[in-house]
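To keep things clear, I will list the structure first and then write my remarks on it.
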Amino acid sequence: MKARVFSGIQPTGSPHIGNYLGALKNWVKIQHDYECIWGIVDLHAITNYQKPEELRQQIVELAAVLIAIGLDPKHTSIVAQSMIPAHAELGWMLTCVTPLGWLERMTQYKSKAQAQEAVGSGILQYPVLMAADILLYQAAIVPVGDDQSQHLELARDIAQRFNSLYGETFTMPATKLPSVGARVMGLDEPDKKMSKSATGPNHAISLLDDPKVITRKIMRATTDSNPAVDFETMGAGVQNLLAIYQAFTECSDDEVRNQFIGLRYGDMKKKVAEAVVAALEPIQARYREITADPGYLDTVLRESAARVSVIADDTVRKTKKAMGLYTK
Ligand code: AMP
Ligand code: TRP
(Lines give C-alpha, C1' and ligand atoms only; values in the text may rest on other atoms or scores of the structure.)
(Ligands and ions follow the chains in the order given, each with its own letter.)
Protein backbone atom coordinates (compact mmCIF):
# COMPACT_ATOMS: atom_id res chain seq x y z
CA MET A 1 0.00 0.00 0.00
CA LYS A 2 1.22 3.51 -0.81
CA ALA A 3 1.84 5.89 2.10
CA ARG A 4 -0.71 8.67 2.38
CA VAL A 5 0.18 12.33 1.82
CA PHE A 6 -1.79 15.45 2.70
CA SER A 7 -1.00 19.09 2.11
CA GLY A 8 -3.02 22.28 1.82
CA ILE A 9 -3.02 25.70 0.25
CA GLN A 10 -5.28 28.64 1.07
CA PRO A 11 -7.57 30.04 -1.62
CA THR A 12 -6.59 33.63 -0.85
CA GLY A 13 -5.36 35.69 -3.77
CA SER A 14 -3.52 34.20 -6.65
CA PRO A 15 -0.91 31.50 -5.92
CA HIS A 16 2.62 32.76 -6.55
CA ILE A 17 5.95 31.24 -7.51
CA GLY A 18 6.80 30.88 -3.79
CA ASN A 19 3.80 28.55 -3.38
CA TYR A 20 4.75 26.78 -6.57
CA LEU A 21 8.44 26.22 -5.85
CA GLY A 22 8.00 25.69 -2.11
CA ALA A 23 5.09 23.31 -2.34
CA LEU A 24 3.02 22.79 -5.49
CA LYS A 25 5.80 21.67 -7.83
CA ASN A 26 6.71 18.98 -5.36
CA TRP A 27 3.07 17.89 -5.13
CA VAL A 28 3.07 17.17 -8.86
CA LYS A 29 6.34 15.25 -8.61
CA ILE A 30 5.19 12.90 -5.88
CA GLN A 31 1.56 12.43 -6.89
CA HIS A 32 2.12 8.95 -8.31
CA ASP A 33 4.40 7.73 -5.53
CA TYR A 34 1.86 8.17 -2.74
CA GLU A 35 -1.86 8.23 -2.13
CA CYS A 36 -2.28 12.01 -2.21
CA ILE A 37 -4.95 14.34 -0.89
CA TRP A 38 -4.53 18.06 -1.64
CA GLY A 39 -6.65 20.48 0.35
CA ILE A 40 -7.94 23.86 -0.76
CA VAL A 41 -8.12 25.08 2.81
CA ASP A 42 -10.94 27.60 2.70
CA LEU A 43 -11.69 27.25 6.43
CA HIS A 44 -8.17 28.52 7.07
CA ALA A 45 -8.71 31.38 4.62
CA ILE A 46 -11.64 32.75 6.67
CA THR A 47 -9.41 33.34 9.71
CA ASN A 48 -9.06 36.69 7.92
CA TYR A 49 -12.12 38.40 6.44
CA GLN A 50 -12.70 37.31 2.84
CA LYS A 51 -15.28 38.86 0.52
CA PRO A 52 -17.76 35.96 0.11
CA GLU A 53 -18.20 36.18 -3.65
CA GLU A 54 -14.44 36.44 -4.16
CA LEU A 55 -13.68 33.49 -1.88
CA ARG A 56 -16.17 31.27 -3.72
CA GLN A 57 -14.51 32.21 -7.02
CA GLN A 58 -10.99 31.72 -5.68
CA ILE A 59 -11.73 28.19 -4.47
CA VAL A 60 -12.65 27.12 -7.99
CA GLU A 61 -9.78 29.07 -9.56
CA LEU A 62 -7.31 27.41 -7.22
CA ALA A 63 -8.68 24.00 -8.20
CA ALA A 64 -8.04 24.99 -11.83
CA VAL A 65 -4.47 26.09 -11.01
CA LEU A 66 -3.77 22.81 -9.23
CA ILE A 67 -4.86 20.84 -12.29
CA ALA A 68 -3.05 23.24 -14.65
CA ILE A 69 0.30 22.70 -12.87
CA GLY A 70 -0.07 18.98 -13.50
CA LEU A 71 -2.01 17.36 -10.66
CA ASP A 72 -4.10 14.58 -12.15
CA PRO A 73 -7.54 14.52 -10.49
CA LYS A 74 -8.05 10.94 -11.62
CA HIS A 75 -5.14 9.78 -9.45
CA THR A 76 -5.08 12.33 -6.65
CA SER A 77 -7.85 13.98 -4.68
CA ILE A 78 -8.28 17.75 -4.79
CA VAL A 79 -10.67 18.70 -2.02
CA ALA A 80 -12.26 21.89 -0.75
CA GLN A 81 -11.91 21.65 3.04
CA SER A 82 -15.36 23.16 3.67
CA MET A 83 -17.06 20.36 1.71
CA ILE A 84 -15.95 17.85 4.35
CA PRO A 85 -17.46 18.61 7.79
CA ALA A 86 -15.04 16.19 9.48
CA HIS A 87 -12.22 18.79 9.28
CA ALA A 88 -14.05 21.17 11.61
CA GLU A 89 -15.34 18.33 13.79
CA LEU A 90 -11.90 16.83 14.39
CA GLY A 91 -10.56 20.37 14.77
CA TRP A 92 -12.78 20.86 17.82
CA MET A 93 -11.82 17.56 19.42
CA LEU A 94 -8.13 18.38 18.96
CA THR A 95 -8.64 21.91 20.31
CA CYS A 96 -9.67 20.29 23.57
CA VAL A 97 -6.34 18.47 23.96
CA THR A 98 -4.17 21.45 22.93
CA PRO A 99 -2.75 23.64 25.70
CA LEU A 100 -3.17 27.36 25.00
CA GLY A 101 0.55 27.96 25.56
CA TRP A 102 1.43 25.73 22.59
CA LEU A 103 -0.63 27.96 20.29
CA GLU A 104 0.63 31.24 21.73
CA ARG A 105 4.19 30.11 20.99
CA MET A 106 3.60 29.80 17.22
CA THR A 107 5.71 32.40 15.41
CA GLN A 108 3.12 32.86 12.63
CA TYR A 109 0.46 33.56 15.24
CA LYS A 110 2.71 36.06 16.97
CA SER A 111 3.45 37.97 13.79
CA LYS A 112 -0.16 37.87 12.54
CA ALA A 113 -1.48 38.95 15.94
CA GLN A 114 1.00 41.80 16.12
CA ALA A 115 -0.13 43.09 12.74
CA GLN A 116 -3.81 43.25 13.74
CA GLU A 117 -5.72 45.46 16.10
CA ALA A 118 -8.42 42.91 16.96
CA VAL A 119 -7.06 39.38 16.83
CA GLY A 120 -9.69 36.83 15.81
CA SER A 121 -9.57 33.61 17.83
CA GLY A 122 -9.46 31.69 14.51
CA ILE A 123 -5.91 32.98 14.02
CA LEU A 124 -4.89 31.31 17.28
CA GLN A 125 -6.75 28.07 16.44
CA TYR A 126 -5.37 27.97 12.90
CA PRO A 127 -2.64 25.36 13.55
CA VAL A 128 -5.09 23.05 15.37
CA LEU A 129 -7.32 22.99 12.28
CA MET A 130 -4.19 22.31 10.25
CA ALA A 131 -3.34 19.38 12.53
CA ALA A 132 -6.92 18.13 12.04
CA ASP A 133 -6.51 18.29 8.22
CA ILE A 134 -3.47 16.05 8.44
CA LEU A 135 -4.55 13.64 11.19
CA LEU A 136 -8.01 13.22 9.69
CA TYR A 137 -6.48 11.34 6.77
CA GLN A 138 -3.82 9.60 8.88
CA ALA A 139 -1.27 11.18 6.54
CA ALA A 140 2.28 9.85 6.91
CA ILE A 141 3.96 12.64 4.92
CA VAL A 142 3.20 16.36 4.63
CA PRO A 143 5.08 18.29 1.94
CA VAL A 144 5.25 22.03 2.79
CA GLY A 145 7.45 25.09 2.46
CA ASP A 146 9.73 25.81 5.38
CA ASP A 147 7.36 28.42 6.91
CA GLN A 148 5.05 25.56 7.96
CA SER A 149 7.65 23.48 9.85
CA GLN A 150 6.63 24.76 13.26
CA HIS A 151 2.95 24.03 12.57
CA LEU A 152 3.90 20.48 11.58
CA GLU A 153 5.80 19.99 14.81
CA LEU A 154 2.72 21.13 16.66
CA ALA A 155 0.56 18.66 14.70
CA ARG A 156 2.88 15.87 15.90
CA ASP A 157 2.72 17.14 19.48
CA ILE A 158 -1.09 17.21 19.34
CA ALA A 159 -1.21 13.69 17.86
CA GLN A 160 1.15 12.41 20.53
CA ARG A 161 -0.80 14.02 23.33
CA PHE A 162 -4.08 12.64 22.02
CA ASN A 163 -2.61 9.16 21.58
CA SER A 164 -1.18 9.12 25.08
CA LEU A 165 -4.43 10.41 26.65
CA TYR A 166 -6.90 8.27 24.69
CA GLY A 167 -4.88 5.45 23.09
CA GLU A 168 -3.25 5.07 19.66
CA THR A 169 -5.53 6.91 17.24
CA PHE A 170 -3.40 9.01 14.89
CA THR A 171 -0.49 8.33 12.54
CA MET A 172 2.54 10.53 13.25
CA PRO A 173 3.02 12.80 10.19
CA ALA A 174 6.53 13.57 8.85
CA THR A 175 7.44 16.94 7.32
CA LYS A 176 8.86 16.93 3.79
CA LEU A 177 10.67 20.10 2.71
CA PRO A 178 11.84 20.79 -0.85
CA SER A 179 15.64 20.84 -1.37
CA VAL A 180 15.52 24.14 -3.30
CA GLY A 181 12.81 26.80 -3.24
CA ALA A 182 11.78 26.07 0.34
CA ARG A 183 11.71 29.81 0.98
CA VAL A 184 11.25 32.14 -1.95
CA MET A 185 11.71 35.76 -0.90
CA GLY A 186 9.82 38.87 -2.05
CA LEU A 187 11.36 40.42 -5.18
CA ASP A 188 11.12 43.92 -3.70
CA GLU A 189 12.07 42.90 -0.14
CA PRO A 190 14.46 39.94 -0.32
CA ASP A 191 14.61 39.74 3.47
CA LYS A 192 10.89 38.80 3.62
CA LYS A 193 9.21 35.62 2.43
CA MET A 194 7.18 36.08 -0.77
CA SER A 195 3.61 36.29 0.45
CA LYS A 196 0.14 36.72 -1.00
CA SER A 197 -0.73 39.43 1.47
CA ALA A 198 2.20 41.78 0.72
CA THR A 199 1.05 44.87 -1.15
CA GLY A 200 4.11 45.98 -3.18
CA PRO A 201 3.29 45.80 -6.93
CA ASN A 202 6.57 43.99 -7.66
CA HIS A 203 6.61 41.76 -4.59
CA ALA A 204 5.32 38.45 -5.93
CA ILE A 205 4.96 36.74 -9.30
CA SER A 206 1.57 35.12 -9.67
CA LEU A 207 1.45 31.84 -11.59
CA LEU A 208 -1.11 33.55 -13.82
CA ASP A 209 0.83 36.80 -14.45
CA ASP A 210 1.18 37.83 -18.05
CA PRO A 211 4.75 37.20 -19.42
CA LYS A 212 5.27 40.98 -19.80
CA VAL A 213 4.33 41.51 -16.16
CA ILE A 214 6.63 38.69 -15.03
CA THR A 215 9.54 40.23 -16.94
CA ARG A 216 8.82 43.70 -15.59
CA LYS A 217 8.67 42.50 -12.00
CA ILE A 218 11.97 40.61 -12.29
CA MET A 219 13.73 43.51 -14.04
CA ARG A 220 12.70 45.72 -11.09
CA ALA A 221 13.72 43.23 -8.40
CA THR A 222 15.93 44.58 -5.62
CA THR A 223 19.61 43.59 -5.99
CA ASP A 224 22.69 45.15 -4.34
CA SER A 225 25.49 47.57 -5.16
CA ASN A 226 27.59 45.06 -7.12
CA PRO A 227 27.42 45.56 -10.91
CA ALA A 228 27.52 41.88 -11.76
CA VAL A 229 27.04 38.42 -10.23
CA ASP A 230 29.74 37.60 -7.70
CA PHE A 231 29.01 34.39 -5.79
CA GLU A 232 31.20 35.41 -2.84
CA THR A 233 29.62 38.79 -2.07
CA MET A 234 26.11 38.70 -3.54
CA GLY A 235 23.22 39.98 -1.42
CA ALA A 236 19.88 38.36 -0.62
CA GLY A 237 18.11 39.79 -3.71
CA VAL A 238 20.51 38.24 -6.21
CA GLN A 239 20.61 35.01 -4.24
CA ASN A 240 16.81 34.85 -4.39
CA LEU A 241 16.70 35.41 -8.17
CA LEU A 242 19.29 32.69 -8.74
CA ALA A 243 17.44 30.33 -6.42
CA ILE A 244 14.25 30.97 -8.41
CA TYR A 245 16.14 30.25 -11.63
CA GLN A 246 17.62 27.07 -10.22
CA ALA A 247 14.31 25.82 -8.87
CA PHE A 248 12.52 26.38 -12.20
CA THR A 249 15.27 24.95 -14.42
CA GLU A 250 16.46 22.27 -11.99
CA CYS A 251 20.11 23.13 -12.82
CA SER A 252 22.87 21.98 -10.47
CA ASP A 253 24.80 24.48 -8.30
CA ASP A 254 27.74 24.22 -10.70
CA GLU A 255 25.57 24.90 -13.73
CA VAL A 256 24.11 28.01 -12.09
CA ARG A 257 27.59 29.18 -11.17
CA ASN A 258 28.92 28.67 -14.71
CA GLN A 259 25.95 30.34 -16.37
CA PHE A 260 25.79 33.39 -14.14
CA ILE A 261 29.29 34.16 -12.86
CA GLY A 262 30.27 37.72 -13.84
CA LEU A 263 26.97 38.35 -15.66
CA ARG A 264 25.78 41.97 -15.35
CA TYR A 265 22.58 42.30 -13.34
CA GLY A 266 20.46 43.41 -16.33
CA ASP A 267 21.47 40.29 -18.29
CA MET A 268 21.12 38.05 -15.26
CA LYS A 269 17.55 39.27 -14.71
CA LYS A 270 16.65 38.76 -18.38
CA LYS A 271 17.83 35.17 -18.15
CA VAL A 272 15.87 34.55 -14.96
CA ALA A 273 12.73 36.15 -16.46
CA GLU A 274 12.99 33.98 -19.59
CA ALA A 275 13.21 30.82 -17.49
CA VAL A 276 10.19 31.80 -15.36
CA VAL A 277 8.09 32.75 -18.41
CA ALA A 278 9.01 29.51 -20.20
CA ALA A 279 7.98 27.44 -17.18
CA LEU A 280 4.70 29.27 -16.58
CA GLU A 281 3.42 29.61 -20.16
CA PRO A 282 2.24 25.99 -20.52
CA ILE A 283 0.61 26.17 -17.07
CA GLN A 284 -1.27 29.30 -18.11
CA ALA A 285 -2.42 27.72 -21.36
CA ARG A 286 -3.81 24.70 -19.48
CA TYR A 287 -5.46 27.00 -16.94
CA ARG A 288 -7.36 28.77 -19.75
CA GLU A 289 -8.55 25.44 -21.13
CA ILE A 290 -9.72 24.17 -17.74
CA THR A 291 -11.57 27.31 -16.70
CA ALA A 292 -13.47 27.29 -19.99
CA ASP A 293 -15.52 24.45 -18.45
CA PRO A 294 -16.51 25.36 -14.86
CA GLY A 295 -18.78 22.29 -14.58
CA TYR A 296 -15.67 20.13 -14.82
CA LEU A 297 -14.07 21.73 -11.75
CA ASP A 298 -17.24 21.31 -9.72
CA THR A 299 -17.30 17.61 -10.64
CA VAL A 300 -13.64 17.18 -9.65
CA LEU A 301 -14.25 18.77 -6.24
CA ARG A 302 -17.40 16.72 -5.58
CA GLU A 303 -15.85 13.42 -6.66
CA SER A 304 -12.74 14.04 -4.57
CA ALA A 305 -14.83 14.95 -1.53
CA ALA A 306 -16.88 11.77 -1.84
CA ARG A 307 -13.72 9.66 -2.13
CA VAL A 308 -11.88 11.09 0.87
CA SER A 309 -14.96 11.38 3.11
CA VAL A 310 -14.79 7.64 3.67
CA ILE A 311 -11.36 8.01 5.30
CA ALA A 312 -12.34 11.21 7.15
CA ASP A 313 -15.54 9.74 8.60
CA ASP A 314 -13.68 6.65 9.74
CA THR A 315 -11.13 8.77 11.66
CA VAL A 316 -13.86 10.89 13.27
CA ARG A 317 -15.67 7.75 14.37
CA LYS A 318 -12.47 6.34 15.84
CA THR A 319 -11.66 9.62 17.60
CA LYS A 320 -15.12 9.97 19.08
CA LYS A 321 -15.05 6.40 20.28
CA ALA A 322 -11.63 6.91 21.87
CA MET A 323 -12.93 9.99 23.72
CA GLY A 324 -16.17 8.36 24.85
CA LEU A 325 -18.40 10.50 22.63
CA TYR A 326 -21.56 9.32 20.94
CA THR A 327 -21.13 7.72 17.52
CA LYS A 328 -23.78 6.66 15.06
P1 AMP B 1 -0.33 29.34 1.64
O2 AMP B 1 -0.34 30.26 0.48
O3 AMP B 1 0.09 30.07 2.89
O4 AMP B 1 -1.53 28.53 1.79
O5 AMP B 1 0.88 28.31 1.38
C6 AMP B 1 0.76 27.16 0.61
C7 AMP B 1 2.10 26.43 0.54
O8 AMP B 1 3.09 27.26 -0.07
C9 AMP B 1 2.68 26.03 1.91
O10 AMP B 1 3.25 24.74 1.82
C11 AMP B 1 3.75 27.06 2.17
O12 AMP B 1 4.81 26.55 2.95
C13 AMP B 1 4.25 27.34 0.76
N14 AMP B 1 4.78 28.72 0.64
C15 AMP B 1 4.10 29.87 0.84
N16 AMP B 1 4.90 30.95 0.63
C17 AMP B 1 6.12 30.45 0.28
C18 AMP B 1 7.38 31.06 -0.06
N19 AMP B 1 7.54 32.38 -0.12
N20 AMP B 1 8.41 30.23 -0.35
C21 AMP B 1 8.27 28.88 -0.32
N22 AMP B 1 7.12 28.25 -0.01
C23 AMP B 1 6.04 29.02 0.30
N1 TRP C 1 -1.24 26.50 6.85
C2 TRP C 1 -0.83 26.12 5.53
C3 TRP C 1 -0.27 27.34 4.79
O4 TRP C 1 -0.72 28.42 4.96
C5 TRP C 1 -1.95 25.53 4.73
C6 TRP C 1 -2.45 24.27 5.33
C7 TRP C 1 -3.65 24.09 5.98
C8 TRP C 1 -1.77 23.01 5.36
N9 TRP C 1 -3.77 22.81 6.37
C10 TRP C 1 -2.66 22.11 6.02
C11 TRP C 1 -0.55 22.57 4.89
C12 TRP C 1 -2.30 20.80 6.26
C13 TRP C 1 -0.19 21.25 5.13
C14 TRP C 1 -1.06 20.36 5.80
O15 TRP C 1 0.60 27.19 4.02
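The values are calculated or read from the model by the stated rules, or taken from the named source; none is laboratory data. Just so we're clear, the structure is a prediction, and the values are computed from it rather than from any experiment. For neighbour counting, all protein chains shown are included, and Cβ atoms are generated from backbone atoms with ideal geometry for every residue, glycine included. Quick note on the areas: whole protein, heavy atoms, side chains included, nothing else; ligands and nucleic acids left out. Shrake-Rupley method; radii C 1.70, N 1.55, O 1.52, S 1.80 Å.
General observations
- For the range 1-143, the solvent-accessible area works out to 41 Å² per residue, with a probe of 1.4 Å and every protein chain left in place.
- Max mean-square fluctuation residue, GNM over the chain, Cα-Cα springs under 10 Å, options S14, S206, S252: S252
- With R₀ set to 22 Å, the beta-carbon distance separating K320 from M172 gives a calculated FRET efficiency near 0.60.
- For the chain, the dipole from Cβ point charges (+1 on Lys and Arg, -1 on Asp and Glu) about the Cα centre works out to 520 debye, to the nearest 20.
- Using R0 = 45 Å, the C-beta based FRET efficiency linking A292 and Y49 works out to 0.90.
- The alpha-carbon atoms of the chain define a convex hull whose volume equals 149 cubic angstrom per residue.
- Normalised per residue, the volume of the convex hull around the Cα set of the range 110-167 (Å³): 93
- Tensor-based shape of the range 214-284 (alpha-carbon gyration tensor, a/c under 1.5 rounded, otherwise prolate or oblate): oblate
- Radius ratio Rg over Rh of the range 84-223, counting only Cα atoms, Kirkwood formula for Rh: 1.05
- A Cα-only calculation for the range 46-114 places Rg and Dmax at 16.1, 42 Å.
- Quotient of Cα Rg and 2.2 N^0.38 Å for the range 223-328, N being how many residues it contains: 1.88
- Within-12-Å neighbourhood charge of Q57 [Cβ basis; K, R +1; D, E -1]: -2
- Taking a span of 20 Å or more along the helix axis (Cα atoms) and a mean Kyte-Doolittle hydropathy of at least 1.0 as the rule, the DSSP H helices of the chain that qualify are 121-136.
- Across the range 250-296, Cα-Cα distances exceeding 12 Å account for 71% of all pairs.
- Cα→Cβ-extended label distance, 7 Å offset, between S121 and V28, nm: 4.2
- Local charge for V180 was computed over the other residues whose Cβ lies under 13 Å away, with Lys and Arg +1 and Asp and Glu -1, and equals -1.
- Other residues with beta-carbon under 15 Å from the beta-carbon of F260 carry, at +1 per Lys or Arg and -1 per Asp or Glu, a net charge of -3.
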